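See structure below.
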Amino acid sequence: MAEQLTTQEAAWFDELLPQVLEFKHNWQEWPAERRQTALGEMCNIAQQLHDSLKSRGLEPQHSQTMIDNRATDTQNPFYFNLHALEDLIGIVGRMDRPEN
């Protein structure tokens, strides 16, 4: 059985997923400022989700390649990157939703 998200974690996931999809499909047409703003907003949500899962002993386990690639970017937080966001979506998307 997969681990279950809390209600708040599910809300963060539900907020993050459409933003990531919109960014993925439109980023090339957006001006740099909009891309930076969108990445910053998604990064904040992703970090809250990550930290919440970590506090419950469910820290998302990214691939070593992802970790190594993001470690080279010391200017930005880990989730200030589309690929890291997509990775998190894939990991969290396999977790069970809270029951109503």
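Along the Cα-to-C-beta direction of Ser52, a point sits 7 Å from the Cα; which residues of region 6-23 have their amide N less than 13 Å from that point?
6-17, by backbone N distance to the label point.
Within region 1-84, list the GluC sites (Glu not before Pro) lying in a DSSP loop whose Cβ has at most 14 other Cβ atoms in a 10 Å radius.
For GluC sites (Glu not before Pro) across region 1-84 that sit outside H, G, I, E and B with at most 14 neighbouring Cβ atoms in 10 Å, the list reads Glu3.
Over region 3-100, what portion of Cα pair distances is larger than 16 Å, expressed as a whole percent?
The answer is 55 percent, as a whole percent.
Can you list residues from other chains, or at least 5 along the same chain, whose modelled amide H is less than 5 Å from the amide H of Gln4?
For Gln4, the qualifying residues are Asp96.
Pairing the Cα long axis of helix 7-26 with the longest principal axis of the chain, what angle in degrees results, from 0 to 90 and rounded to the nearest 10?
Value to nearest ten degrees: 30.
Determine the calculated [θ] at 222 nm for the chain from helices alone, applying -39500 (n - 2.57) to every DSSP H run no shorter than 4 residues and normalising by the residue count; nearest 500 deg cm²/dmol.
The helix-only estimate for the chain comes to -21000 deg cm²/dmol at 222 nm.
Nearest 10 degrees, 0 to 90: what angle lies between the long axis of helix 32-55 and the longest principal axis of the chain (Cα atoms)?
Approximately 20 degrees, to the nearest ten.
Read-outs throughout are calculated quantities, based only on the coordinates presented, and are distinct from any laboratory measurement. This structure is a prediction, so every number in the text was calculated from the model and none was measured. Glycine gets a Cβ as well: all are built from the backbone with ideal geometry, and neighbour counts include every protein chain shown.
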